[in-house]
Amino acid sequence: MTDTLHWNDQGQPISNHFDDIYFSTENGLAETNYVFLQQNNLQQRFSNLSENSVFTIAETGFGTGLNFLACCALWEQTAPKTAQLHFVSTEKYPLTKHTIAQAATLWPELQTHTSSLLKVYPNTIPLNQTIRSTEQADYYRFQVTPTIYLSLLIGDATLGLKQLLARTLLETETPDILPAETQNPKSTSYETDSRQWRGVDAWFLDGFAPSKNPDMWTPELFATIKKLSYIKTTIATFTAAGVVKRGLLSEGFTLKKVPGYGKKREMLTAEYPQQSAQKNTPTHQNLTNEAGITPSPQKIKTTQRLSTWALINNYQTVPTGTKIAIIGGGLAGSHTAHALAKKGYQITLFEKADTLAAGASGNAQGIVYGKLSASGDPLGEMNRYSLRYAQSFYSDYWRRDSKHPTTNNKEDKNNIDAGNACGVLQLSLTEKIQQAHRKIANEVVNDTDNLRHVSAEEASLIANTRIDYHALYFPKLGWINPPKLCEWLIQHPNISIVSHTEITELQQHGTQWRLHTRSTENDNSSTQIFDAVVIANAYDATQFTQTNTLPVKQIRGQVSHYPSTDIPEQLNTVVCGKAYIAPASQGMHCLGASFNLHNDNPALDPVDHQHNIHNIAQQTPDIIDRYDYIPTNDDIKQKTAKLDGRASFRCVTPDYLPIVGAVPIDAELHTRFGALRKNGRQTINIAGSYYPRLYINIGHGSRGLAYTPLCSEILANLIQGSPPPIPQYLIQKLSPARFTIRDMIRTP
Ligand SMILES: Cc1cc2nc3c(=O)[nH]c(=O)nc-3n(C[C@H](O)[C@H](O)[C@H](O)COP(=O)(O)OP(=O)(O)OC[C@H]3O[C@@H](n4cnc5c(N)ncnc54)[C@H](O)[C@@H]3O)c2cc1C
Ligand SMILES: C[S@@+](CC[C@H](N)C(=O)[O-])C[C@H]1O[C@@H](n2cnc3c(N)ncnc32)[C@H](O)[C@@H]1O
């Protein structure tokens, strides 16, 4: 991808598409400070924030990132140390890292923040073709500093911003979920918070002048801005053009003209429509049901067919600093603890075993891989987003180990037992898979830095062993030791671990939850109270009455441990197809994994070892040959019986998507949406029904390493009320309520 700008004689960037400047030629940084930071009153608002609070800024037109960088500088100077900034920006023509770096040389005073941005910003941000054809914007989430999150929505501004909404239009006639004192009895309708998060605090309406870029400044953009705003929202824009004025006025914003920067006579600022806001907009406080009773159904008036059952109201957000219990200390529980602790929650993680990662997360090597799809279906998209997020998330984990190999030195590599970003080859085992893989690499992902389709020869060179298949090559992914990862994830002062403790029951206790615990050491039982609970105990979630109807299955899997000492050459990368093998760690390769729905025996099974060996022998024949474990050998049973390994159970959902979100009240869903049994296509204007502050994160199947970082962040954002890390339509596909609704539609 080439950039869409050129540099003028003064070294300033000029857009080729729009023939317009990116920032003031007089002083871009001074313009940003004046127009966007000062006019949104950010210095004061940042310094007034309390510890652990969240502030969200949204922008149209990320460009060179100057506004973002200036904002980071102000944030670091003025905001409390634990407050968090979410900066969401849209960009239709993303610049390369090289160009952003070049533009940033104009602002040496922002050097620290520029370096932080460039550390996480990709070399190029490709335009994803599948996404373009389905009219979606692509979504990137970067953690730029420990307290600054940047979400880039690639594509048209309105398209991107709409992805932050669960709904486009929701109105209710019965604001009966408001506590009596805030209810306005005369009010017949008000706009429901359709964001599933608090909304934008301050807008930077940048993006070239309306005269040069009329396509962006549409009525739909202003309507979307309104839906993402709330009572405290402010807006600043460099322009005072009529179309912007009219657009904001038509959405009811209160406008003010102020002197523009430099030669610009005027600019605009705006505030959220105060009157209707007070009357109509639910806030976190007034939606919280103090009695702990589930709010009664909202009637939603809409012209569109909406999956209203997925709507969770703001009462699901939990104030930071409160106590949250997490049940289960595997990858899902540990990642959730990590994500929530970083956001300021006090976490107690309960694990019934004596250590973390005692279940499926206990293998010595797991592969960070996924199942991409050529068609852009939700499963493929969830995998694409999960891998993107996981790659960026784990880069810190992979980097942190001082022993991380930068060379091919054998000894160096053998020392690595926590994980290695050694690359992953996913073999194209059939002609059909090969075609799909080619499309995925060249069209769906279209990002050669992170994914290429390679020939068998190239795959062999990359892996340093004979491979007879073409392959998808992910150069920046690799393998991880999940137990060590879990240990790393929970190293946070806000996290306490309570092991040997099984949670046996959950009871609603006002707005809180009472957890019944049982010691697995001495069988003692007790109860503890928490403000919120996250169920992350995989298949065992079915032990709780609130989640016992979830249609999850347990599927046994076994990995085989192969001593690596006999192999003269090194396997350089992970190779996966029907099975996977990673470069040796602690003197062995961990081969996996078998997949057996009808075996619930946790003991090692020699037949599964044979299965693993057979698959690996087909994929990387030179490696298995060396062990003389070729499946045709008569003595294979004897040999495999001596092999070590580990068997455990995956938690699998019918659609292979994880289950993440608020826990529905199943019986109530049946009542509210029972009419779907008669006509599954009808619109039912009632919101879903969910337990207050009870969440779940399970069903990670065979891809826990890829899914759990993203799913935990999705959940943490939902709990915190901050912008989601992926589009809302995909988040809905993970909803724990989806099975009940599907059942009703399918079973008249
Ligand atoms: C053989 C095999 C190989 C695999 N290989 C890979 C791979 O290469 N890459 C990959 O991404 N994924 C792989 N997976 C899948 C991956 O391991 C899982 O998706 C992941 O571990 C799931 O994590 P979890 O935290 O949801 O579940 P678990 O790791 O099973 O954790 C659940 C935890 O909850 C605890 N618990 C249960 N009930 C209670 C209770 N009531 N109170 C307190 N604690 C409780 C359990 O003791 C357990 O520790 C593999 C799975 C298997 C079985
Ligand atoms: C004036 S520049 C933004 C400057 C930027 N805020 C900065 O700090 O450098 C305008 C940006 O808006 C982008 N843009 C233009 N039309 C857009 C649209 N319809 N949707 C999203 N971005 C758009 C342009 O590609 C350009 O990067």
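Quick one: accessible surface of THR448, probe radius 1.4 Å, all protein chains present, in square angstrom to the nearest 10.
100 Å²
Gap in Å between the Cα centre of segment 718-747 and the Cα centre of segment 512-555?
So the two Cα centres are separated by 22 Å.
With a 10 Å radius around each residue's Cβ, average the other Cβ atoms per peptide and rank 58-70, 606-618, highest first.
The most tightly packed comes first, giving 58-70, 606-618.
Roughly speaking, what is the centre-to-centre gap between segment 6-66 and segment 648-683 when only Cα atoms are used, to the nearest Å?
Answer, in whole Å: 43.
If R₀ is 51 angstrom, what is the calculated FRET efficiency for the pair GLN507 and THR105, using the beta carbon separation as r and rounding to 0.05?
In this case the efficiency is close to 0.30.
Order the peptides 678-688, 76-86, 346-356 from the highest to the lowest mean number of other Cβ atoms within 10 Å of their residues.
Per-residue mean Cβ counts within 10 Å order the peptides as 346-356, 76-86, 678-688.
Per residue, how many Å² of accessible area does segment 1-55 show with a 1.4 Å probe?
50 Å²
Measuring with a 1.4 Å probe in the full set of protein chains, what accessible area per residue, in whole Å², belongs to segment 433-504?
43 Å²
Which entries in LYS256/LYS343; LYS476/LYS733; LYS119/LYS352; LYS119/LYS264; LYS119/LYS323; LYS342/LYS733 show an alpha-carbon gap greater than 29 Å?
Correct reply: LYS256/LYS343; LYS119/LYS352; LYS119/LYS264; LYS119/LYS323.
Going by average Cβ neighbours within 10 Å, how do the peptides 357-370, 214-227 rank, with the highest at the top?
Going by the mean number of other Cβ atoms within 10 Å, highest first, we get 357-370, 214-227.
Over segment 606-748, average the accessible area per residue using a 1.4 Å probe and give it in Å², no decimals.
Value returned for segment 606-748: 35 Å² of accessible area per residue.
At what distance in nm do the modelled label points of ASP655 and GLU457 sit from each other, each positioned 7 Å from its Cα along Cα→Cβ?
Calculated label separation equals 4.4 nm.
Subtracting the Cα-Cα distance from 0.36 nm times the residue separation, let me have the gained length for LEU255 to ILE745 in nm, one decimal.
Computed gain between LEU255 and ILE745 is 171.7 nm.
For SER519 paired with ASP468, estimate the spin-label separation in nm (one decimal), with each label point 7 Å from Cα along the Cα-to-Cβ line.
Result for the modelled spin labels: 5.9 nm.
Which far-off residues, 5 or more places away or on another chain, put their amide H under 5 Å from the one on SER428, with H placed in the peptide plane?
Those lying under 5 Å, H to H, from SER428 are HIS470, ALA471, LEU472.
Please list, in order along segment 154-159, the HN-Hα scalar couplings obtained from phi with the Karplus expression 6.51 cos²θ - 1.76 cosθ + 1.60 (θ = phi - 60°), rounded to whole Hz, x for Gly and Pro.
My calculation for segment 154-159 gives 8, x, 4, 4, 5, 4 Hz in order.
Taking H placed 1.01 Å from N in the peptide plane, check which residues at least 5 places from GLN84 or on another chain put their amide H under 5 Å from its amide H.
So GLN84 has HN proximity to SER53, VAL54, PHE55.
Search the structure for amide H atoms under 5 Å from the amide H of THR501, placed 1.01 Å from N in the peptide plane, and list their residues when 5 or more places away or on another chain.
Close amide H contacts, sequence-distant or interchain: GLU351, LYS352, ALA353, THR520.
What percentage of the solvent-accessible surface of segment 495-554, computed with a 1.4 Å probe over protein heavy atoms, is contributed by carbon and sulfur atoms?
38 percent
The values are calculated or read from the model by the stated rules, or taken from the named source; none is laboratory data. This one's a predicted model, so the numbers in the text were calculated from it and none came from an experiment. For neighbour counting, all protein chains shown are included, and Cβ atoms are generated from backbone atoms with ideal geometry for every residue, glycine included. The area values use the complete protein model at the heavy-atom level, side chains included, leaving out ligands, DNA and RNA. Shrake-Rupley method; radii C 1.70, N 1.55, O 1.52, S 1.80 Å.
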